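Accompanying notes for the structure given below.
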Amino acid sequence: MKSWKTLGALALLAQLAVGAGSALAQQPIVIKFSHVVATNTSKGKAAEYFKKIVEERTQGRVKVEVYANSQLYKDKEELEALQLGSVQMLAPTFGKFGPIGVREFEVFDLPYLFDNMEQAQKVTQGPIGHKLLKKLDSKGITGLAMLDSGFLDWTSNRPIVKPGDIKGMKIRIQSSKVIDARTRAVGALPQVMAFAEVYQGLQTGVVDGQENPPSIVSTSKFYEVQKFLTVSEHGYHGYVLIANKRFWDALPADLRPIMDQAVTDTTTYFNSNSKKENDDALEEIRQTGKTKILTMTAQDKDEWRKAQAPVYHEMEKRVGKELMTEIFTTIGRDPAGLK
(Lines give C-alpha, C1' and ligand atoms only; values in the text may rest on other atoms or scores of the structure.)
Protein backbone atom coordinates (compact mmCIF):
# COMPACT_ATOMS: atom_id res chain seq x y z
CA MET A 1 0.00 0.00 0.00
CA LYS A 2 1.43 3.39 -1.11
CA SER A 3 2.06 6.05 1.54
CA TRP A 4 0.19 9.35 1.52
CA LYS A 5 3.52 11.04 0.69
CA THR A 6 3.95 8.86 -2.38
CA LEU A 7 0.36 9.45 -3.50
CA GLY A 8 0.83 13.17 -3.05
CA ALA A 9 3.97 13.14 -5.18
CA LEU A 10 2.17 11.21 -7.92
CA ALA A 11 -0.72 13.65 -7.84
CA LEU A 12 1.70 16.56 -8.17
CA LEU A 13 3.41 14.93 -11.15
CA ALA A 14 0.04 14.36 -12.77
CA GLN A 15 -0.87 18.02 -12.33
CA LEU A 16 2.45 19.10 -13.82
CA ALA A 17 1.91 16.78 -16.80
CA VAL A 18 -1.55 18.21 -17.39
CA GLY A 19 -0.17 21.73 -17.10
CA ALA A 20 2.61 20.98 -19.58
CA GLY A 21 0.13 19.45 -22.00
CA SER A 22 -2.09 22.49 -21.71
CA ALA A 23 0.85 24.81 -22.37
CA LEU A 24 1.81 22.80 -25.45
CA ALA A 25 -1.77 22.91 -26.70
CA GLN A 26 -1.69 26.69 -26.46
CA GLN A 27 1.44 27.03 -28.59
CA PRO A 28 0.51 28.95 -31.79
CA ILE A 29 0.85 27.44 -35.23
CA VAL A 30 3.77 29.29 -36.85
CA ILE A 31 3.82 30.22 -40.54
CA LYS A 32 7.13 31.43 -41.92
CA PHE A 33 6.28 33.59 -44.95
CA SER A 34 9.43 34.35 -46.94
CA HIS A 35 9.87 36.68 -49.92
CA VAL A 36 12.71 38.39 -51.78
CA VAL A 37 11.51 42.00 -52.07
CA ALA A 38 11.19 44.93 -49.68
CA THR A 39 8.47 45.29 -47.05
CA ASN A 40 7.10 48.43 -48.74
CA THR A 41 6.50 46.70 -52.10
CA SER A 42 3.07 45.44 -53.16
CA LYS A 43 4.07 41.89 -52.23
CA GLY A 44 5.64 42.99 -48.98
CA LYS A 45 2.51 44.90 -47.97
CA ALA A 46 0.30 41.94 -48.90
CA ALA A 47 2.40 39.63 -46.73
CA GLU A 48 2.04 42.03 -43.78
CA TYR A 49 -1.71 42.33 -44.44
CA PHE A 50 -2.04 38.54 -44.46
CA LYS A 51 -0.13 38.37 -41.16
CA LYS A 52 -2.38 41.00 -39.58
CA ILE A 53 -5.73 39.47 -40.52
CA VAL A 54 -4.69 35.88 -39.81
CA GLU A 55 -3.41 36.68 -36.31
CA GLU A 56 -6.49 38.78 -35.55
CA ARG A 57 -9.06 36.31 -36.90
CA THR A 58 -7.47 33.24 -35.30
CA GLN A 59 -7.04 35.16 -32.04
CA GLY A 60 -3.37 34.33 -31.95
CA ARG A 61 -3.74 30.60 -32.67
CA VAL A 62 -1.76 31.19 -35.87
CA LYS A 63 1.35 33.34 -35.88
CA VAL A 64 2.76 34.59 -39.20
CA GLU A 65 6.45 35.49 -39.33
CA VAL A 66 7.27 37.51 -42.45
CA TYR A 67 10.85 37.47 -43.74
CA ALA A 68 11.43 40.11 -46.45
CA ASN A 69 14.41 41.03 -48.64
CA SER A 70 15.76 37.48 -49.02
CA GLN A 71 16.49 37.32 -45.28
CA LEU A 72 16.08 33.55 -45.34
CA TYR A 73 16.39 32.45 -48.96
CA LYS A 74 17.19 33.82 -52.41
CA ASP A 75 15.08 33.19 -55.51
CA LYS A 76 16.57 29.82 -56.44
CA GLU A 77 16.49 28.50 -52.87
CA GLU A 78 13.04 29.47 -51.63
CA LEU A 79 10.93 26.91 -53.52
CA GLU A 80 13.10 24.03 -52.35
CA ALA A 81 12.89 25.40 -48.80
CA LEU A 82 9.09 25.42 -49.05
CA GLN A 83 8.96 21.86 -50.38
CA LEU A 84 11.19 20.73 -47.50
CA GLY A 85 9.00 22.55 -44.98
CA SER A 86 11.69 25.04 -43.88
CA VAL A 87 9.18 27.78 -44.69
CA GLN A 88 5.44 27.43 -44.99
CA MET A 89 4.45 30.20 -47.44
CA LEU A 90 5.93 32.06 -50.42
CA ALA A 91 4.74 34.28 -53.27
CA PRO A 92 7.18 33.70 -56.15
CA THR A 93 6.76 34.91 -59.72
CA PHE A 94 5.27 32.59 -62.34
CA GLY A 95 8.54 31.70 -64.05
CA LYS A 96 9.94 30.12 -60.87
CA PHE A 97 7.83 26.99 -61.41
CA GLY A 98 9.44 25.96 -64.70
CA PRO A 99 12.61 24.60 -63.07
CA ILE A 100 10.57 22.32 -60.77
CA GLY A 101 8.71 20.83 -63.72
CA VAL A 102 5.51 22.88 -63.93
CA ARG A 103 6.37 24.68 -67.16
CA GLU A 104 2.82 25.77 -67.91
CA PHE A 105 3.24 28.73 -65.54
CA GLU A 106 5.82 30.18 -67.92
CA VAL A 107 3.02 30.94 -70.40
CA PHE A 108 2.56 34.20 -68.47
CA ASP A 109 6.09 35.22 -69.50
CA LEU A 110 5.20 35.42 -73.20
CA PRO A 111 5.76 38.92 -74.63
CA TYR A 112 2.72 41.19 -74.80
CA LEU A 113 0.41 38.34 -73.79
CA PHE A 114 -2.18 40.71 -72.32
CA ASP A 115 -3.18 44.19 -73.48
CA ASN A 116 -4.53 45.20 -70.08
CA MET A 117 -5.14 43.90 -66.58
CA GLU A 118 -8.78 43.05 -67.32
CA GLN A 119 -7.57 40.46 -69.81
CA ALA A 120 -4.99 39.13 -67.38
CA GLN A 121 -7.52 38.67 -64.60
CA LYS A 122 -9.91 36.74 -66.83
CA VAL A 123 -7.13 34.15 -66.89
CA THR A 124 -5.46 34.39 -63.47
CA GLN A 125 -8.68 34.74 -61.47
CA GLY A 126 -10.75 32.39 -63.65
CA PRO A 127 -10.88 28.66 -64.46
CA ILE A 128 -7.47 28.62 -66.17
CA GLY A 129 -5.79 30.07 -63.10
CA HIS A 130 -7.50 27.61 -60.75
CA LYS A 131 -6.54 24.69 -62.99
CA LEU A 132 -2.89 25.75 -63.03
CA LEU A 133 -2.80 26.10 -59.24
CA LYS A 134 -3.92 22.47 -58.90
CA LYS A 135 -0.91 21.35 -60.95
CA LEU A 136 1.32 22.26 -58.01
CA ASP A 137 -0.19 19.55 -55.79
CA SER A 138 2.12 16.88 -57.21
CA LYS A 139 5.14 18.96 -56.17
CA GLY A 140 4.11 19.12 -52.52
CA ILE A 141 2.82 22.66 -52.99
CA THR A 142 -0.67 24.08 -52.43
CA GLY A 143 -1.44 26.82 -54.91
CA LEU A 144 -3.55 29.33 -53.00
CA ALA A 145 -4.02 32.29 -55.34
CA MET A 146 -2.58 34.36 -58.17
CA LEU A 147 -1.67 37.98 -57.47
CA ASP A 148 -1.70 40.43 -60.38
CA SER A 149 1.18 42.87 -59.93
CA GLY A 150 1.07 44.78 -63.23
CA PHE A 151 3.24 45.03 -66.31
CA LEU A 152 6.97 45.05 -66.88
CA ASP A 153 8.94 48.13 -67.93
CA TRP A 154 12.57 48.38 -68.97
CA THR A 155 15.24 50.27 -67.04
CA SER A 156 18.62 50.81 -68.66
CA ASN A 157 21.62 53.08 -69.08
CA ARG A 158 20.80 53.90 -72.68
CA PRO A 159 17.35 54.56 -74.17
CA ILE A 160 15.18 51.57 -75.08
CA VAL A 161 12.31 52.42 -77.40
CA LYS A 162 12.76 50.45 -80.63
CA PRO A 163 13.64 46.73 -80.62
CA GLY A 164 17.07 47.50 -82.07
CA ASP A 165 17.91 49.73 -79.08
CA ILE A 166 18.32 46.79 -76.75
CA LYS A 167 20.62 44.77 -79.02
CA GLY A 168 23.83 43.72 -77.27
CA MET A 169 22.69 44.91 -73.84
CA LYS A 170 23.10 42.60 -70.85
CA ILE A 171 19.67 42.34 -69.26
CA ARG A 172 18.99 40.80 -65.87
CA ILE A 173 16.16 38.29 -66.09
CA GLN A 174 14.46 35.77 -63.85
CA SER A 175 15.07 32.08 -64.39
CA SER A 176 12.48 31.44 -67.12
CA LYS A 177 13.11 29.85 -70.51
CA VAL A 178 10.36 31.99 -72.01
CA ILE A 179 11.87 35.24 -70.67
CA ASP A 180 15.25 34.08 -71.93
CA ALA A 181 13.78 33.46 -75.41
CA ARG A 182 11.91 36.77 -75.65
CA THR A 183 15.05 38.65 -74.54
CA ARG A 184 17.26 36.92 -77.10
CA ALA A 185 14.65 37.52 -79.83
CA VAL A 186 15.52 41.23 -79.82
CA GLY A 187 19.29 40.69 -79.65
CA ALA A 188 19.78 41.32 -75.93
CA LEU A 189 21.92 39.11 -73.69
CA PRO A 190 19.86 37.66 -70.81
CA GLN A 191 21.62 37.24 -67.47
CA VAL A 192 19.90 35.22 -64.74
CA MET A 193 20.55 36.92 -61.41
CA ALA A 194 19.01 36.67 -57.94
CA PHE A 195 16.83 39.67 -57.14
CA ALA A 196 18.92 40.50 -54.06
CA GLU A 197 21.94 41.04 -56.35
CA VAL A 198 20.28 43.21 -59.01
CA TYR A 199 21.01 46.66 -57.55
CA GLN A 200 24.72 45.92 -57.24
CA GLY A 201 24.72 44.28 -60.68
CA LEU A 202 23.30 47.45 -62.21
CA GLN A 203 25.58 49.69 -60.18
CA THR A 204 28.76 47.86 -61.19
CA GLY A 205 27.79 47.30 -64.83
CA VAL A 206 27.57 43.51 -64.57
CA VAL A 207 24.20 44.05 -66.27
CA ASP A 208 23.05 47.06 -68.31
CA GLY A 209 19.36 46.89 -67.53
CA GLN A 210 16.46 44.95 -66.06
CA GLU A 211 12.66 44.61 -66.25
CA ASN A 212 10.13 45.13 -63.46
CA PRO A 213 6.95 47.08 -62.69
CA PRO A 214 7.52 50.67 -61.48
CA SER A 215 6.66 49.73 -57.87
CA ILE A 216 9.63 47.35 -57.77
CA VAL A 217 11.93 49.85 -59.53
CA SER A 218 11.00 52.51 -56.97
CA THR A 219 11.19 50.50 -53.76
CA SER A 220 14.44 48.83 -54.86
CA LYS A 221 15.88 52.22 -55.83
CA PHE A 222 17.00 51.00 -59.24
CA TYR A 223 16.48 54.58 -60.45
CA GLU A 224 19.65 55.50 -58.55
CA VAL A 225 21.75 53.35 -60.89
CA GLN A 226 19.76 53.54 -64.16
CA LYS A 227 19.47 56.52 -66.50
CA PHE A 228 16.24 55.54 -68.25
CA LEU A 229 12.93 53.87 -67.51
CA THR A 230 10.82 52.96 -70.54
CA VAL A 231 7.09 52.50 -69.99
CA SER A 232 6.93 49.49 -72.31
CA GLU A 233 4.45 47.18 -70.56
CA HIS A 234 6.05 44.40 -72.59
CA GLY A 235 5.15 41.55 -70.25
CA TYR A 236 2.75 40.56 -67.49
CA HIS A 237 4.06 40.44 -63.92
CA GLY A 238 2.44 38.60 -61.05
CA TYR A 239 2.98 36.26 -58.12
CA VAL A 240 1.61 32.91 -57.00
CA LEU A 241 0.69 32.64 -53.33
CA ILE A 242 1.66 29.13 -52.26
CA ALA A 243 2.00 26.98 -49.15
CA ASN A 244 3.70 23.75 -48.20
CA LYS A 245 0.97 21.21 -48.98
CA ARG A 246 1.56 18.92 -46.01
CA PHE A 247 1.44 21.90 -43.65
CA TRP A 248 -1.66 23.44 -45.21
CA ASP A 249 -3.55 20.14 -45.30
CA ALA A 250 -2.75 19.58 -41.61
CA LEU A 251 -4.31 22.84 -40.41
CA PRO A 252 -7.09 22.22 -37.85
CA ALA A 253 -10.50 21.88 -39.50
CA ASP A 254 -11.95 24.86 -37.64
CA LEU A 255 -9.13 27.11 -38.86
CA ARG A 256 -9.34 26.19 -42.55
CA PRO A 257 -12.29 28.47 -43.41
CA ILE A 258 -10.53 31.36 -41.65
CA MET A 259 -7.28 30.76 -43.52
CA ASP A 260 -9.03 30.32 -46.86
CA GLN A 261 -10.89 33.60 -46.38
CA ALA A 262 -7.64 35.33 -45.40
CA VAL A 263 -6.14 34.19 -48.72
CA THR A 264 -9.17 35.54 -50.61
CA ASP A 265 -9.05 38.87 -48.78
CA THR A 266 -5.28 39.20 -49.29
CA THR A 267 -5.70 38.59 -53.02
CA THR A 268 -8.39 41.29 -53.21
CA TYR A 269 -6.20 43.65 -51.17
CA PHE A 270 -3.21 43.09 -53.44
CA ASN A 271 -5.06 43.29 -56.76
CA SER A 272 -7.06 46.38 -55.82
CA ASN A 273 -3.93 48.32 -54.83
CA SER A 274 -1.40 47.25 -57.47
CA LYS A 275 -2.32 49.75 -60.22
CA LYS A 276 -2.27 52.76 -57.88
CA GLU A 277 1.03 51.64 -56.41
CA ASN A 278 2.60 51.37 -59.86
CA ASP A 279 1.21 54.74 -60.95
CA ASP A 280 2.41 56.40 -57.73
CA ALA A 281 5.82 54.76 -58.04
CA LEU A 282 6.26 56.00 -61.61
CA GLU A 283 5.54 59.55 -60.47
CA GLU A 284 7.95 59.18 -57.53
CA ILE A 285 10.69 58.05 -59.92
CA ARG A 286 9.92 61.01 -62.18
CA GLN A 287 10.16 63.40 -59.23
CA THR A 288 13.65 62.20 -58.28
CA GLY A 289 14.99 63.55 -61.56
CA LYS A 290 17.55 60.75 -61.59
CA THR A 291 15.91 58.63 -64.26
CA LYS A 292 14.41 59.89 -67.51
CA ILE A 293 10.96 58.40 -68.23
CA LEU A 294 10.33 57.28 -71.81
CA THR A 295 7.02 55.97 -73.14
CA MET A 296 6.54 53.61 -76.05
CA THR A 297 3.89 54.47 -78.63
CA ALA A 298 1.41 51.93 -80.00
CA GLN A 299 3.56 51.75 -83.15
CA ASP A 300 6.68 51.06 -81.07
CA LYS A 301 4.89 48.21 -79.30
CA ASP A 302 3.78 46.73 -82.64
CA GLU A 303 7.43 46.62 -83.73
CA TRP A 304 8.33 44.74 -80.53
CA ARG A 305 5.44 42.29 -81.03
CA LYS A 306 6.64 41.49 -84.54
CA ALA A 307 10.25 41.09 -83.40
CA GLN A 308 9.25 38.72 -80.61
CA ALA A 309 6.52 36.83 -82.50
CA PRO A 310 8.70 33.74 -83.07
CA VAL A 311 8.81 33.18 -79.28
CA TYR A 312 5.14 32.11 -79.31
CA HIS A 313 5.84 29.30 -81.74
CA GLU A 314 9.18 28.43 -80.15
CA MET A 315 7.59 27.96 -76.72
CA GLU A 316 4.45 26.04 -77.77
CA LYS A 317 5.87 22.70 -76.70
CA ARG A 318 7.25 24.02 -73.44
CA VAL A 319 4.14 25.73 -72.07
CA GLY A 320 1.53 23.80 -74.07
CA LYS A 321 -0.18 24.83 -77.29
CA GLU A 322 -3.60 23.92 -75.89
CA LEU A 323 -3.06 26.19 -72.89
CA MET A 324 -2.00 29.06 -75.15
CA THR A 325 -5.09 28.58 -77.31
CA GLU A 326 -7.32 28.44 -74.22
CA ILE A 327 -5.88 31.74 -73.00
CA PHE A 328 -6.32 33.40 -76.39
CA THR A 329 -9.94 32.22 -76.54
CA THR A 330 -10.59 33.52 -73.01
CA ILE A 331 -9.28 37.01 -73.75
CA GLY A 332 -10.66 37.15 -77.29
CA ARG A 333 -7.32 37.21 -79.05
CA ASP A 334 -6.25 35.75 -82.38
CA PRO A 335 -4.96 32.16 -81.90
CA ALA A 336 -1.67 33.19 -83.49
CA GLY A 337 -1.17 35.23 -80.32
CA LEU A 338 -0.18 38.32 -82.25
CA LYS A 339 -3.36 40.12 -83.34
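The values are calculated or read from the model by the stated rules, or taken from the named source; none is laboratory data. These numbers were taken from a predicted model, which means no experiment stands behind them. Ideal geometry is used to build each Cβ from the backbone, glycine not excepted, and the neighbour counts take in all protein chains shown. Each accessible area value is taken on the protein alone, full model and side chains, heavy atoms only, with ligands, DNA and RNA left out. Shrake-Rupley method; radii C 1.70, N 1.55, O 1.52, S 1.80 Å.
Could you give me the percent of Cα pairs per 5 Å distance bin for region 159-318, shortest bin first, beginning at zero and ending with the bin that holds the maximum distance?
Once binned at 5 Å, the Cα pair distances of region 159-318 give 1, 8, 14, 17, 17, 15, 11, 7, 5, 4, 1, 0.
When only C-alpha pairs under 8 Å and at least 6 residues apart count, what is the relative contact order of region 95-143, in percent?
Computed over region 95-143, the figure is 26 percent.
So which aspartates and glutamates can residue 74 reach, going by Cα to Cα under 15 Å and dropping same-chain residues fewer than 8 places off?
Qualifying aspartates and glutamates at Cα under 15 Å: 197.
Could you rank 134, 43 by how accessible they are, 1.4 Å probe, largest area first?
134, 43
Sort 46-56, 60-70 by the packing proxy (mean of other Cβ within 10 Å over each peptide's residues), most packed first.
Ranking the peptides 46-56, 60-70 by packing returns 46-56, 60-70.
Pop the C-beta distance of residue 297 and residue 265 into the FRET formula with R0 = 41 Å and round what comes out to the nearest 0.05.
That pair, residue 297 with residue 265, gives E of 0.60.
With a 1.4 Å probe and all protein chains in place, put 329, 264, 155 in order of accessible area, largest first.
329, 264, 155
With every protein chain kept in the model, how would you rank 249, 153 by accessible area, 1.4 Å probe, largest at the top?
249, 153
Only bridges whose two residues both fall in the chain count here: according to DSSP, what percent of them are antiparallel, nearest 5?
55
Roll a 1.4 Å probe over the protein heavy atoms and report the accessible area of residue 115 in Å², nearest 10.
Roughly 90 Å² of residue 115 is accessible to a 1.4 Å probe.
Can you show me the helix-derived [θ] at 222 nm for the chain, built from DSSP H runs with n ≥ 4 at -39,500 (n - 2.57) apiece and divided by the number of residues, rounded to the nearest 500.
Calculated mean residue ellipticity at 222 nm is -14000 deg cm²/dmol.
With all protein chains present, calculate the accessible area of residue 158 using a 1.4 Å probe and round the result to the nearest 10 Å².
110
Greater than 27 Å separation of Cα atoms is the criterion. Which listed pairs, 52/227; 131/245; 32/76, meet it?
52/227
Taking a quarter of the surface of the Cα convex hull of the chain, what do you get in nm²?
20.8
Apply the membrane-span-like helix rule to the chain: whole DSSP H runs, Cα extent along the own long axis of at least 20 Å, mean Kyte-Doolittle hydropathy at least -1.0. List the helices found.
Answer set is 4-25.
If the limit is 20 Å between Cα atoms, which of 96/134; 139/275; 63/134; 221/276 go over it?
Correct reply: 139/275; 63/134.
Grab the Cα-Cα distance for residue 167 and residue 204, subtract it from 0.36 nm times how many residues apart they are, and report the gain in nm with one decimal.
Value of the extension gain: 11.3 nm.
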